[in-house]
Structure formats: structure tokens, C-alpha cells
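In what follows, a structure is listed as C-alpha cells, so that the remarks can point back to it.
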Amino acid sequence: PNSSLEQGLWQEKVGDCNRYDSNGLVSMVISDVSSDGLKSIQLEATRHIACTSIKVPIKENAKYLLDFDYQSPNSKVATYKYNFDTVQKNSVSEDIQIKNKEWNHFSKVITSPRGVKNITLYIYSNSTDDV
């Protein structure tokens, strides 16, 4: 739902997913720059990691397509993670290498486990400074 953000951001406020001190700067806005559709999420981070997430109901033992475009003028990786709400708390996280400043495409088939009712998808903006 709301994959191209025409109904607004997934969360009202940006998350700080690596708050190790009070000196980080994180932000999240809807951008009019996109590869497809009208909008995109723009996450920015200095010293910490900016993040946002969305929880989506799914069916057990089903295949889903995780499909998105990404770009960055200054980061070397795009990071995503997803969690299933099963007893085992299955979680997958992956860094995708960013090789240029253009829009790139990522696609992966996800098979949901038995007993799942929801998946939570997280996207991250890693800090570009070395601190």
C-alpha cells in the first residue's frame, strides 16, 4: 500500500536507528524526484542512521515481490530489512551497493513463512560521514 507515497509518508516522523549520542541529524521528506510515479522518500543522515518502515498484512506460504528503485548522490549502499511477525521473528537485512548517482532497480521474491500475518519493511539512510 502507498508504495509511491501519493497518500503521504509511511510514518509521521523519521526514525533514528543508530542513536548512539545526541549529535546525529536525521530527516525524511517526500521528494518530487522519482524514477517512476510522482513521489519518493528522501532520507538523510549525519552520524546516525535515518529509517522509516511500513507494516503490511500478508498471507502465509505465499510469494511476494519486493521491488523498488533507489539512488544516492553520496552513499555507497542502500539498505533494507524486513521482519515477519512469526514466533521465530524471521528477519532479513541486505546492503545493496550503489555504483552510480542514477536511479537503480532492485527486485527480489520473498516467500512468507507459516503462521505469518504481517511483514514490516524498513528502509535506511546510512550516514555518509566517517564518525
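The values are calculated or read from the model by the stated rules, or taken from the named source; none is laboratory data. Remember, predicted model here, so these are calculated numbers, not experimental data. For neighbour counting, all protein chains shown are included, and Cβ atoms are generated from backbone atoms with ideal geometry for every residue, glycine included. Each accessible area value is taken on the protein alone, full model and side chains, heavy atoms only, with ligands, DNA and RNA left out. Shrake-Rupley method; radii C 1.70, N 1.55, O 1.52, S 1.80 Å.
Hey, among the residues in segment 72-95 that are in contact with a strand residue (DSSP E or B) (Cβ under 8 Å, 6 or more places away or on another chain) and more than 26 Å from residue 29 (Cβ to Cβ), which one's surrounded by the most Cβ atoms within 10 Å (Cβ to Cβ)?
Among them, the one singled out is 84.
Being open to solvent by 30 Å² or more (accessible area, probe 1.4 Å) and either under 26 Å from residue 86 (Cα atoms) or outside any strand (DSSP E or B) (or both) is the filter here; which residues of segment 37-53 pass it?
37, 38, 39, 47, 49
For residues that are surrounded by 13 or more Cβ atoms within 10 Å (Cβ to Cβ), out of contact with any Leu (no Cβ under 7 Å at 6 or more places or on another chain) and free of Cβ contacts under 8 Å to residues at least 60 places away in the same chain, scanning just segment 96-112, find the one that is farthest from residue 63 (Cα to Cα).
Per the criteria, the residue is 98.
Quick one: count up the residues across segment 79-101 that are closer than 26 Å to residue 127 by Cβ, of a type outside the set (D, E, K, R) and either at pLDDT below 90 or part of a loop (DSSP other than H, G, I, E, B) (or both).
Total meeting the criteria: 4.
Quick check, is residue 60 among the acidic types (Asp, Glu), open to solvent by 50 Å² or more (accessible area, probe 1.4 Å), at pLDDT 85 or above and part of a strand (DSSP E or B)?
no
Output the residues belonging to segment 10-27 that are without any contact (Cβ under 8 Å) to a residue 60 or more places away in the chain and open to solvent by less than 70 Å² (accessible area, probe 1.4 Å).
10, 11, 14, 15, 16, 21, 27
If only one of 39, 63 is touching a strand residue (DSSP E or B) at 6+ places or on another chain (Cβ under 9 Å) and touching a residue at least 40 places away in the same chain (Cβ under 8 Å), which one is it?
Result: 63 is the single residue among 39, 63 that is touching a strand residue (DSSP E or B) at 6+ places or on another chain (Cβ under 9 Å) and touching a residue at least 40 places away in the same chain (Cβ under 8 Å).
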